[in-house]
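Here the structure comes first, spelled out in structure tokens, and everything after it is commentary.
The values are calculated or read from the model by the stated rules, or taken from the named source; none is laboratory data. None of the values given here were measured: they were computed from a predicted structure. Heads up, the Cβs are rebuilt from the backbone with ideal geometry, glycines too, and the neighbour counts pull from every protein chain shown. Note: accessible area is taken over every heavy atom of the protein model, side chains too, but ligands, DNA and RNA are not part of it. Shrake-Rupley method; radii C 1.70, N 1.55, O 1.52, S 1.80 Å.
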Amino acid sequence: MGKSIFNPERPYREDTDLELLYWGKEQCTPGNSVGPGIRECYKVHFVHDGFGTVTVGDRSYKLSAGEAFLIYPQVVTRYEADEAEPWTYSWMAFQGARMPDILAGTSLKPAEPVFAMDLKLMPGLYESLCDALQQGGSVDLRLTTLLYSFMVALVEAAPASADKHASVRKQDSYVHRSIAFIHAHFSENLTVAQLAALIGLDRKYFSVLFKEALGLPPQQYLLQYRMDRASDLLESGAYTVGEVARSVGYQDALLFSKMFKKVKGVSPKQLMPSSVRADIIT
């Protein structure tokens, strides 16, 4: 079972409106299963790649990339990775007095917990939560903001009027798989051709699908993701520009600095803490 990261800022009260408990991510082994058992809180799983099955009561759902399922408190649930193509999923656990009202605005029920992920927030939510934890200062506000943003995305992804049995479109599944691959391999020499081959699509067709879904082509998404990760590393003040450049896929620090300024509007050094910049200058 994958390791969870616990929220260090949680108030440990029983009367909270909405509280983030922990989150994690795992690339499961074939047939890996959890349960049947219950949780004391709500826990959502996002499927980024592969296949798996979730069973609630006498109902089973087979999920693929781009789908998610919500475990309700005190509801016996079992989930299992596919034997041939086991899923990679991330998760987030939370609780709070507002949850019944929030879920009342969705099509979800304890025995009908499956929904299609959105294409913007949910695929990278695990990374966003980890980044918020690493940035320090106002960690609680950063984590709470992401939790509330997820609730908004959830209501929009599974509206009460939606077909409760609707599955994610095949095209969206391709995009979700490519996003998961980018997040896992962004520091490597990654190309659009590799992404297209990974999911078995023609390069041009894949690029069209990706841009239709996210509003920008895959190469631009990769560039933006690299620079977002670079920003987090630079703001920490723990690494040199050269180290950050190599960490996000650039062997040439000058090229990285040029691309960073093009995307972010400032140089990498300008994003470093002032104390670090002073050391560089002197």
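Observations on the structure shown:
- Candidates Thr16, Thr106 - the one that is open to solvent by less than 50 Å² (accessible area, probe 1.4 Å) and in contact with a Gly (Cβ under 7 Å, 6 or more places away or on another chain): Thr16
- Of the numbered criteria (1) at positive phi; (2) surrounded by fewer than 16 Cβ atoms within 10 Å (Cβ to Cβ), the one Lys62 fails is (1).
- Hey, Glu188 among the acidic types (Asp, Glu) and in contact with a Gly (Cβ under 9 Å, 6 or more places away or on another chain) or not: yes
- Glu9 at pLDDT 95 or above and not in a strand (DSSP E or B): no
- Just one residue in the set Tyr89, Tyr79 is open to solvent by less than 20 Å² (accessible area, probe 1.4 Å) and either over 21 Å from Leu20 (Cα atoms) or of a type in the set (Gly, Ala, Ser) (or both); that residue is Tyr79.
- Residue within region 163-173 that is of a type in the set (Ser, Thr, Tyr), surrounded by 15 or more Cβ atoms within 10 Å (Cβ to Cβ), at pLDDT 90 or above and in a helix (DSSP H, G or I) present: no
- The criterion of at least 2 residues that are in contact (Cβ under 8 Å) with a residue 60 or more places away in the chain, basic (Lys, Arg) and touching a Phe, Trp or Tyr at 6+ places or on another chain (Cβ under 6 Å) is met by none of the strands (runs of 3 or more DSSP E) wholly inside region 77-144.
- Filtered by the rule that a residue be assigned to a helix (DSSP H, G or I) and loosely packed, with under 15 Cβ neighbours inside 10 Å, region 185-202 gives Ala193, Gln194, Ala197.
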